[in-house]
Amino acid sequence: MSEEGGIRLDKWLRHARFFKSRSLASRVCAKGRVRIDGQVVRKAHYIVRIGHVLTFPQARQIRVVRVEGLGTRRGSAVEAQALYTEIGADQAS
């Protein structure tokens, strides 16, 4: 499941219900559209840890979230919301 306190980026994005499938999350990563702590990440296998700040597009908006939990599965929407805190773009830096 998690590797040394982390989880693959594509898995986390799916567990947190930002994308319907892991392959969709992987495509966004491969296109270089995800930033972790301000750095562009192009690899879906990048290990996400609690405290990381992720910036990525979802539909027509840019999401900026802080990872609060890793999750072990894609659960309900309530479970997914416990995995992150929404933050403003001005707080992300």
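The values are calculated or read from the model by the stated rules, or taken from the named source; none is laboratory data. Fair warning: this is a prediction, and the values are worked out from it, not measured in the lab. In this analysis, Cβ positions are derived from the backbone assuming ideal geometry, glycine residues included, and neighbour counts consider all displayed protein chains.
The number of residues in segment 31-40 being surrounded by 14 or more Cβ atoms within 10 Å (Cβ to Cβ) and either modelled with pLDDT under 95 or more than 13 Å from the chain's Cα centre (by Cα) (or both) comes to 0.
When segment 49-92 is limited to residues that are assigned to a loop (DSSP other than H, G, I, E, B) and of a type in the set (A, V, I, L, M), the one that is surrounded by the fewest Cβ atoms within 10 Å (Cβ to Cβ) turns out to be ALA59.
Could you list, in sequence order, the residues of segment 2-30 that are of a type in the set (Asp, Glu) and surrounded by 14 or more Cβ atoms within 10 Å (Cβ to Cβ)?
Hit for segment 2-30 is ASP10, nothing else.
List pairs: first in segment 44-57 and under 15 Å from ALA16 (Cα atoms) and of a type in the set (S, T, N, Q), second modelled with pLDDT of 95 or more and assigned to a strand (DSSP E or B), Cβ under 6 Å, 6+ apart or cross-chain? These pairs meet every condition: THR55/ARG35; THR55/VAL64. If I go through segment 8-24 residue by residue, how many of them are part of a helix (DSSP H, G or I) and over 17 Å from ALA77 (Cβ atoms)? Summing the residues that are part of a helix (DSSP H, G or I) and over 17 Å from ALA77 (Cβ atoms) in segment 8-24 gives 6.
Going through segment 25-45 one residue at a time, which ones are within 19 Å of GLY69 (Cα to Cα) and either β-branched (Val, Ile, Thr) or not in a strand (DSSP E or B) (or both)?
Pass one, segment 25-45, residues within 19 Å of GLY69 (Cα to Cα): 25, 34-37, 44-45.
Scanning segment 25-45 gives ALA25, VAL34, ILE36, ASP37, ALA44, HIS45.
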